[in-house]
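To start, the structure under review is shown below, and the notes come after it.
No value in this document is a laboratory result; all are computed from the given coordinates. All values derive from a computational prediction rather than experimental measurement. Cβ placement follows ideal geometry from the backbone for every residue including glycine, while neighbour counts extend to all protein chains displayed.
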Amino acid sequence: MAFRLSGIDPAPFRALFDLDDDALSRLGARRCIADRDFGYPCRVSLEDAQPGAELLLLPYRHQPADSPYRASGPVFVRRDATPRVLAPGVVPPYVTRRLMSLRAYDAAHMMVDATVCEGDEVAAGLGRMFDDGAVAYVHLHNARRGCFSCVAHRA
């Protein structure tokens, strides 16, 4: 089954980059500068930020559905990040370099399956999950830190 990974919409975050650090702190957010080429995964571009890039670390409601699985957690968003459009079946290094948790949900936003796998096994794991017709979408999380990474839909 073909799937497509997608990041989050950057629009709600753009104006936040103009806030000072105190205002960000009141929102539970923090400005940071990437100091290495791995460890600052931008949830918009689905790429790790390069050293020197400005990012915000802030809470994000990745599962806004009215279900018991409603959830939020911390995400990095890079300044001026552009949403990345991936071809069906493509899993970028942003994912393949990490241990991932895959959480499958049905149309009622109830979790119907979950697994943890190495990043280079994500494509196969998503394929197996989408073989189940009840699966509407899958959330990917960084397993070690637990942060939301991206979402997969049927392509």
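The mean sequence distance of close C-alpha pairs (under 8 Å, at least 6 residues apart), as a share of the length of the chain, puts its relative contact order at 26 percent.
Counting pairs of Cα atoms in the chain, how many percent are more than 19 Å apart? It works out to 53 percent of all Cα pairs.
Residues whose amide H comes within less than 5 Å of that of Tyr60, counting only those at least five positions distant or on another chain, are Gly73, Val75 (H built at 1.01 Å from N in the peptide plane). In this simple spin-label approximation, Arg4 and His153 carry label points 7 Å from Cα along the Cα→Cβ vector, and these lie 0.7 nm apart. Run through the DSSP bridge list for the range 3-154 and note the antiparallel percent, rounded to the nearest 5. So the antiparallel bridges amount to about 95 percent of the total.
The distance linking the range 1-70 with the range 104-141 is 22 Å (Cα centroid to Cα centroid, whole angstrom). Its Cα gyration tensor gives the range 110-154 an equivalent ellipsoid, and the semi-axes of that ellipsoid, as √(5λ) in whole Å with the largest first, are 17, 12, 9. Once backbone amide H atoms are built at 1.01 Å from N, Phe3 has Gly89, Ala155 as its partners under 5 Å, excluding neighbours fewer than 5 places away on the same chain. Computed about the Cα centre, the dipole magnitude for the chain is approximately 100 debye when only Lys and Arg (+1) and Asp and Glu (-1) carry charge, each at its Cβ.
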